[in-house]
Amino acid sequence: MNDTRPGAAAGVGLLVSLRRLVGTAFELAQVRLELIGIELEEQKLRILAALVWAVFGVMLVGVGLALFAGCVVLLFWEGYRLQAMVVLMLVFVAAGVFALRQATVRLKTPPGAFAASAAELAQDRAGLASPRGTETHSP
């Protein structure tokens, strides 16, 4: 009772091809998700390292500025003590506001986050859109 019709063999072959296509699509999606996960981990480590260095730098700059302010106030101790303290305060506040603005600008525009994933997805989309004979495979 073999089904020797030509359509039966084509239907089985089509089903196998469809299963292979779905398997390949899931494998491709898994690889892309793993790449996004790796890039998320890299971004997290980059931000953590930047925060540690920033805290260390802020502490050292704070100590240096306190010592600098003390030296300037001692220099002007006799006649211009209050004016020296006011000028130093204004300079420190202006520098702090500038630093905070720079930090917010840098946090709003991260440089190249997920660039590799975006490039791979664009390459996948281009590969799917191209005709069958002109596909290019990357190593």
Before we move on, is residue 94 aliphatic (A, V, I, L, M), at pLDDT below 85 and surrounded by 10 or more Cβ atoms within 10 Å (Cβ to Cβ)? no
Do we find a residue being surrounded by 11 or more Cβ atoms within 10 Å (Cβ to Cβ), modelled with pLDDT under 85 and over 30 Å from residue 127 (Cα atoms) anywhere in segment 3-20? yes
Residue pairs, Cβ under 8 Å, 6 or more apart or interchain, first in segment 29-44 and of a type outside the set (A, V, I, L, M, F, W, C), second in a helix (DSSP H, G or I) and modelled with pLDDT under 85. List them. 32/117; 32/120; 32/121; 32/124; 39/116; 39/117
Pull out all pairs, ordered by first then second residue, where Cβ-Cβ is under 7 Å, the residues are six or more apart or on different chains, the first lies in segment 54-77 and is surrounded by 12 or more Cβ atoms within 10 Å (Cβ to Cβ), and the second is in a helix (DSSP H, G or I) and not polar (S, T, N, Q). 65/92; 69/88; 72/84; 72/88; 73/81; 73/84; 73/85; 76/84
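From the list 51, 45, exactly one residue is surrounded by 10 or more Cβ atoms within 10 Å (Cβ to Cβ), part of a helix (DSSP H, G or I), modelled with pLDDT of 85 or more and not basic (Lys, Arg). Which is it? Give the steps one after another, and end with the answer.
Numbers: 51 fails: modelled with pLDDT of 85 or more.
The unique qualifying residue is 45.
The values are calculated or read from the model by the stated rules, or taken from the named source; none is laboratory data. Treat the numbers as computed from the prediction; the structure is a model and nothing was measured. FYI the Cβ positions are ideal-geometry reconstructions off the backbone, even for glycines, and counts take in every protein chain you see.
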